[in-house]
Each structure stands twice: as C-alpha cells, then as structure tokens.
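This report concerns only the one structure given below.
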Amino acid sequence: MLDPYEQAVSELLVKFRNVKEEHRRKNLYSPIETVSGRVKTISSILEKMQKKAISFEQLEEEVEDIAGIRIICQFMEDIEKVASLISRRTDMEVRSRKDYLANQKRSGYRALHLIVLYVVQTISGPKKLQVEIQIRTMAMNFWATTEHSLQYKYKGSIPSHVVEKLTRASDAIELLDEEMSQVRAEIMDAQIDSQIEISLVKDILRSIENLYRLDNKREVVKIQNEFYRIFSQHNLEELDRFHKQLDIIAEGSRAQSVERMLDNDKG
Ligand code: 0O2
C-alpha cells in the first residue's frame, strides 16, 4: 500500500529540487532553500489511526501525511511564495491548507501545511493520493525538530518546565525570523551577486580554455593573468566588462582560425 506514496515522495523531491536549481540557473533568488521527504513509518501510521480512531478503510482519506514533503525557506516571506508557486502548478492540486503561522499551535509549532492531491502512474494505472507539504523557515525547522525529539523522549507528555522553555524558544524563533526579514533584501542581493559571479567566472574560464586551443599561448597567459587580477578585486562590474571583452577577443580568434583554415585549404 505504501509503494505509491514512496513513488510520490521521490517524484516530488526531484520536482521541488528542480525548482531551486532552475532559480539558480537563471540567477534568481530561490524561495526554496532545501527539500526533504519521507513516507510515514508503519508504527507512526498505526499510532495515528489508534489516536484518532481511524479504520483501515478510512486510512488513505483520513491520514493526510502518509507522504510528507518538507520545504525549508530562509525567510518568512518565502513561505507564501512557495505556497503560491505550488498552487500554480498543474501537476498537483491544493486540497486544503493549515496555517500554523497565523494560528500558531499551543505547543509553539509554526509552519504552513498544504495538503495536495498528486497523481502517480503505477503499473495498475494512475493513483491519486494525498501528500502533506510542510513549509517552514530554517529557524522554525530548528525549533520543530528539537521539540519533536523531546516529544519522542517524553512520549508526548513533556514536563511543564521543559514546555515553558520551549514556549520561550518559540517566541525567540518568531523574533529571529522577524529580524531576519529586515535584512532579507540585502541578503537576497548578496546571494544573487554571488550566483552571477559564479556563472561569469565559469564562462570566462571556458573562454580562456578555448583561446588556448586557438591562439598564441603567450597572449592567452597575459589574458589569464589579467583575469586573476580582476577576480581578486571581487568587483562584479569589472568582471562583467572583462567577460564582454573576452567574448570579442574569442570571436576575433575564431574568425582568424577559420581564415587560416581556408588559406591552408587553398594552399
Ligand atoms: P511525523 O511524521 O513524525 O512528523 P495531529 O496528529 O493532530 O498532530 P494532524 O492534524 O494530522 O496532526 O496534522 P498536523 O497538525 O498538520 O500535523 C502533522 C505534522 O505536523 C506532524 O506529523 C509534525 O510533523 C508536524 N507537527 C504538527 N504539530 C507539531 C508540533 O506541535 N510539534 C512538532 N515538532 N511538529 C508538529 P507527526 O504526526 O508528528 O509525524
């Protein structure tokens, strides 16, 4: 019974990781920081069924988190961005939403949960199933992971002095997320700049490598040294200017090498 859920989790992991990659490739800030997923363990499913008096016939309808995906964001603002990205997708349908940000749980738990309907293709045909997508910030995730371990340790009844500390920690996490939001724009700019630099450096090194095949080696060494000089300044505008100049040089070298080839053919 759990096989289609395993399939759904693996497919969704690929899809959401690709959303992050696509942002990176396009030098855009990704609201998704990391993605993980799991299928609920049999014992955890049984516990939930007992706790909520769910029969085997009701299992797939009533236990919404047999398949679970967790999306971690850097900032609170990213959570809604991820939620709207999910609701615009045509390969899943949002069935319900539990907003534990607007309505924090008594425990102090904060996150946005979306229950989506997702179709997996099996050898017996398509199967539509529910997947719980939890969207949290890194700070919220830190709190939830710690609290979850304590729930496990104390089998659900955490002593009141620990609960008190967890409540205070949850308030501190909320404050931390708010503080981080204040510098979101600056951090986003810095991350985008760093991505642009990475792709510029990659392009430049590829062009230099190509020049070594086409051009006078001594000239290319000079170009390479100039690149090292500019690179050490970490100035994006300078790097971009150098990249454009290199494109022109590479274009000239290619033209010269075609001319040489044609001359040789004539000869
Ligand atoms: P797992 O797989 O170990 O994470 P309920 O059983 O009533 O708590 P419900 O109504 O079925 O849950 O769904 P809900 O409230 O959306 O919660 C489902 C999941 O959200 C939980 O899964 C947790 O992962 C997370 N969660 C909800 N409340 C808390 C909380 O107070 N603390 C922490 N750390 N996580 C929470 P499970 O069932 O715990 O299983």
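Conditions tested, residue by residue: (1) farther than 20 Å from residue 72 by Cβ; (2) more than 10 Å from the ligand (Cβ to nearest atom); (3) open to solvent by less than 20 Å² (accessible area, probe 1.4 Å).
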| position | (1), (2), (3) |
| --- | --- |
| 115 | no, no, yes |
| 121 | yes, yes, no |
| 128 | yes, yes, no |
| 144 | no, no, yes |
| 157 | yes, yes, no |
| 164 | yes, yes, no |
| 167 | yes, yes, no |
| 176 | no, yes, no |
| 179 | no, yes, no |
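When we screen 115, 133 for residues that are in a strand (DSSP E or B) and within 29 Å of residue 175 (Cβ to Cβ), the only hit is 133.
Check segment 214-222 and report whether any residue there is in a helix (DSSP H, G or I), free of Cβ contacts under 8 Å to residues at least 24 places away in the same chain and open to solvent by less than 40 Å² (accessible area, probe 1.4 Å). Yes, segment 214-222 contains at least one residue that is in a helix (DSSP H, G or I), free of Cβ contacts under 8 Å to residues at least 24 places away in the same chain and open to solvent by less than 40 Å² (accessible area, probe 1.4 Å).
In segment 80-112, the qualifying residues are those that are polar (S, T, N, Q) and within 16 Å of the ligand (Cβ to nearest atom), and the one that is surrounded by the fewest Cβ atoms within 10 Å (Cβ to Cβ) is 103.
Okay, residues lined up against (1) modelled with pLDDT of 95 or more; (2) out of contact with any helix residue (DSSP H, G or I) (no Cβ under 6 Å at 6 or more places or on another chain):
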| site | (1), (2) |
| --- | --- |
| 73 | yes, no |
| 92 | yes, yes |
| 107 | no, yes |
| 110 | yes, no |
| 113 | yes, yes |
| 148 | no, yes |
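Taking segment 16-35 as the range and being touching a residue at least 40 places away in the same chain (Cβ under 8 Å) and open to solvent by less than 60 Å² (accessible area, probe 1.4 Å) as the test, the residues that pass are 16, 19, 27, 29, 31, 32, 33. Does residue 33 satisfy being out of contact with any strand residue (DSSP E or B) (no Cβ under 9 Å at 6 or more places or on another chain), outside the structural domain of residue 194 (by TED's automatic domain parsing), of a type in the set (D, E, K, R) and away from the ligand (no atom under 15 Å from the Cβ)? It is false that residue 33 is out of contact with any strand residue (DSSP E or B) (no Cβ under 9 Å at 6 or more places or on another chain), outside the structural domain of residue 194 (by TED's automatic domain parsing), of a type in the set (D, E, K, R) and away from the ligand (no atom under 15 Å from the Cβ).
The values are calculated or read from the model by the stated rules, or taken from the named source; none is laboratory data. This structure is a prediction, so every number in the text was calculated from the model and none was measured. All Cβ positions, even for glycine, are placed from backbone atoms using ideal geometry, and neighbour counts span all protein chains on display. In case anyone asks, the SASA skips ligands and DNA or RNA and just uses the protein heavy atoms, side chains included. Shrake-Rupley method; radii C 1.70, N 1.55, O 1.52, S 1.80 Å.
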